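K.L.:
Have a look at the structure that comes next, please.
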Amino acid sequence: MIKKIQVSQIKNGMYIHDFNCGWLNHPFLTNSMLVDSDEIIKKVVDYGIRELYIDTNKGYDVADAPTEVEVKQQIEAEITKVVEQEKRHVYAPVPIHEEIAKAKEIRQEAKKTVQNIMDDIKFGKQIETEKVGRVVDDMIESIFRNQDALISLGRIKEKDEYTYMHSVSVCVLMLSFGKHLGFDLQILREIGAGAMLHDIGKMIVPQAVLNKEEGLTEEELKLMKKHVEYSRTLLEQTQGMTENAIVIASQHHERVDGTGYPLGLKGDDISYYSKAVAIVDVYDAMTSKRCYQDQYLPTEVLRKLYEWSSHHYDRDLVQQFIRCVGIYPVGTLVRMESGRIGVIIKHGEKNLLQPVVRVVYNMKSGDFLRIPYDVDLSSTSGKNGEDRIAGYESPKRFNIRPEVYL
């Protein structure tokens with residue numbers, strides 16, 4: 001059985017199932033191991049790990065510790081309450097099916113811009129802030145027309161293009177989050193540039209470390225973490241780069257409890273914008289396929305972010321981010337209680353728990369629909385109403401490309 005314990009409860013003979021943190025937040029080569037020495041316990045404590053999961057079938061138990069299932073159920077109930085509080089009407093001037101083509105063009109241009117900048121860094125060239133500014137402005141305009149178009153495209157990444165597409169996606173998500181938080185246009189431009197260039201220092205990290213598929217050694221971990229300092233230095237040397245953009249690149253791996261890097265800043269010592277980008281950065285990283293990790297479903301990542309907001313992340317910002325993207329982000333595949341499988345194509349205008357779903361598959365018959373149709377889950381009557389989402393489904397399972405149906 002998998003159980004969650006506090007770090008103070010760990011002892012020799014337990015089997016760690018999951019450190020409950022990212023690869024760069026613990027010094028071990030694997031995410032699971034038998035605790036067979038005091039040295040392991042000391043490392044876990046020294047790295048600031050607060051909570052972790054143990055496998056009681058492989059090691060000692062803690063009788064009163066909650067099970068993984070119980071923890072998930074509690075978090076999901078709390079997230080549902082958070083989302084239910086978001087009752088405002090979100091108006092999109094342009095329908096997603098009209099904006100998606102323009103969004104694809106903007107995404108492609110952003111991809112090319114980031115790729116060129118990263119190549120320039122390798123050859124010691126300066127970052128061209130004008131190009132970054134133009135792409136960020138295009139993204140802002142698209143997001144104000146219909147933010148779901150660019151966000152839904154952000155989940156389409158190949159493993160070998162992760163480094164630069166992650167930068168593009170973090171920028172898109174941060175601009176959308178900033179719009180949700182009410183930032184003005186100038187701030188959106190500044191945080192957009194910082195988000196797009198937050199990982200630019202990775203071009204100075206040895207490629208063998210950057211693209212390693214196994215866990216990193218302690219020395220490799222130190223090299224990887226240096227990308228933050230490299231990013232800060234590069235942006236400080238870039239003409240026209242604002243202080244907000246530089247701070248975002250400098251602080252996106254800091255954590256409110258002081259367990260982040262490079263400076264171990266705490267609480268209000270971390271800028272508000274950096275706290276927000278830290279959330280967006282982890283969300284996009286975990287929902288992406290990487291050289292050392294498969295992607296997680298958005299609902300799983302939101303659950304982990306909420307769990308970690310008890311210590312690593314600003315709780316209010318995490319709750320606001322969940323309200324921004326919704327439990328059911330546009331472009332994700334869901335299963336309904338009726339057995340219908342569909343793609344979320346629009347957030348619920350009055351309730352984020354009741355989005356519009358484009359039905360593409362029927363589990364009862366085992367058939368794809370020749371002509372997909374839309375179900376508005378806020379409707380309480382008619383053949384397309386009176387249904388609820390039962391859970392997420394993996395597109396791989398049904399060989400479905402959700403973006404095709406937007």
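Derivation of every value follows stated rules applied to the coordinates shown; laboratory data play no part. Everything numeric in this text was worked out from a predicted model, so none of it was measured. Methodologically, a virtual Cβ is constructed for each residue, glycine included, from the backbone with ideal geometry; neighbour enumeration extends over all protein chains shown.
K.L.:
At 0.36 nm per residue, minus the direct Cα-Cα distance, what do D269 and N116 gain on full extension? Give it in nm, one decimal, please.
P.N.:
51.7 nm
K.L.:
What residue among A390, A249, A208 shows peak mean-square fluctuation when the chain is described by a Gaussian network model with Cα springs under 10 Å?
P.N.:
A208
K.L.:
Can you compute the helix-only [θ] at 222 nm over the chain? Use -39500 (n - 2.57) per DSSP H run of at least 4 residues, normalise by all residues, nearest 500 deg cm²/dmol.
P.N.:
-14000 deg cm²/dmol
K.L.:
Turning to a different aspect of this structure: Quick one: grab Rg to one decimal and Dmax as a whole number for the chain, Cα atoms only, in Å.
P.N.:
Here Rg and the maximum Cα pair distance are 21.6, 63 Å.
K.L.:
Tell me, what does the Kirkwood hydrodynamic radius of region 2-66 come to in angstroms if you use every pair of distinct C-alpha atoms? Intermediate values should be presented prior to the final figure.
P.N.:
Working: mean 1/r = 0.0867 Å⁻¹.
Evaluated over region 2-66, this radius sits at 11.5 Å.
K.L.:
Starting from the Cα of K304, draw a straight line to each of the lysines and keep only those under 18 Å, dropping any in the same chain fewer than 8 residues away.
P.N.:
Straight-line reach from K304, under 18 Å: K3, K4, K72, K81, K275, K289.
K.L.:
Comparing V35, V256, V277, which has the greatest mean-square fluctuation in the GNM of the chain with Cα pairs linked when under 10 Å apart?
P.N.:
V35
K.L.:
Going down the table (K43/K222; K58/K396; K112/K202; K111/K396; K179/K346), which pairs top 21 Å between alpha carbons?
P.N.:
K58/K396; K111/K396
K.L.:
Work out how far the C-alpha atoms of region 96-325 reach from end to end along every principal axis, then list the three figures in whole Å, largest first.
P.N.:
Reported extents, whole Å, longest axis first: 49, 42, 33.
K.L.:
Could you give the nm distance between label points at E98 and N362, where each point is 7 Å from its Cα heading toward the beta carbon?
P.N.:
Distance between label points: 3.3 nm.
K.L.:
Got a sec? How would M33, M1 order by Cβ neighbour count within 10 Å, fewest to most?
P.N.:
Details: M33 16, M1 12.
Going from sparsest to densest Cβ surroundings: M1, M33.
K.L.:
Would you calculate the separation in nanometres between label points at D46 and E218, each defined as 7 Å from the Cα along the Cα-to-beta-carbon direction?
P.N.:
0.6
K.L.:
Treat the count of other C-beta atoms within 10 Å as a stand-in for reagent exposure and order C21, C324 from fewest to most. Kindly include the intermediate steps, with their values, before the conclusion.
P.N.:
Values: C21 20, C324 23.
Lowest count first: C21, C324.
K.L.:
Also, I was wondering about something else. Report the label-to-label distance for Q6 and I187 in nanometres (one decimal), using points 7 Å from each Cα along the Cα→Cβ vector.
P.N.:
3.6
K.L.:
To the nearest 0.05, what FRET efficiency results for D38 and D257 with a Förster distance of 30 Å applied to their C-beta separation? Could the numbers behind the result be given before it?
P.N.:
Values: r = 24 Å, r/R0 = 0.80.
According to the calculation, E is roughly 0.80.
K.L.:
In the Gaussian network model of the chain, springs joining C-alpha atoms below 10 Å, which of E105, E219, E254 carries the largest mean-square fluctuation?
P.N.:
In this elastic network of the chain, the residue with the biggest mean-square fluctuation among E105, E219, E254 is E219.
K.L.:
To make sure I understand, if each residue's beta carbon is the centre and we count other beta carbons within 10 Å, what order do H252, H166, H97 fall in, fewest to most? Present the calculation step by step, with values, prior to reporting the outcome.
P.N.:
On the way: H252 26, H166 21, H97 12.
Starting with the residue having the fewest Cβ neighbours, the order is H97, H166, H252.
K.L.:
Follow-up. Taking the convex hull of the Cα atoms, report for region 97-184 its projected area averaged over all directions, in nm². All intermediate terms of the calculation are to be shown ahead of the outcome.
P.N.:
Values: hull surface 23.6 nm².
Directional mean of the projected Cα hull area for region 97-184 stands at 5.9 nm².
K.L.:
Which net charge results for the neighbourhood of T67, defined as the other residues with beta-carbon distances under 12 angstrom from its beta-carbon, given Lys and Arg at +1 and Asp and Glu at -1?
P.N.:
-2
K.L.:
Name the residue from I2, I191, S176 whose Cα lies farthest towards the positive end of the charge dipole of the chain, charges +1 on Cβ of Lys and Arg and -1 on Cβ of Asp and Glu.
P.N.:
S176
K.L.:
Related question: Would you list, by chain and number, the aspartates and glutamates whose Cα falls below 14 Å from the Cα of K350, excluding same-chain residues fewer than 8 positions away?
P.N.:
Answer for K350, where 14 Å is the Cα cut-off: E84, E86, D376, listed by chain and number.
K.L.:
So for region 251-388, taking the charge dipole from beta-carbon charges (+1 Lys/Arg, -1 Asp/Glu), which of V282, T332, T259 sits furthest toward the positive end?
P.N.:
The residue sitting farthest along the positive end of the dipole is T332.
K.L.:
Further question: Want the number for E130 to K72: 0.36 nm per residue separation, take away the alpha-carbon distance, what's left? It would help to have the intermediate numbers written out before the result.
P.N.:
On the way: separation 58, 0.36 × 58 = 20.88 nm, distance 4.52 nm.
This chain segment gains 16.4 nm when fully extended.
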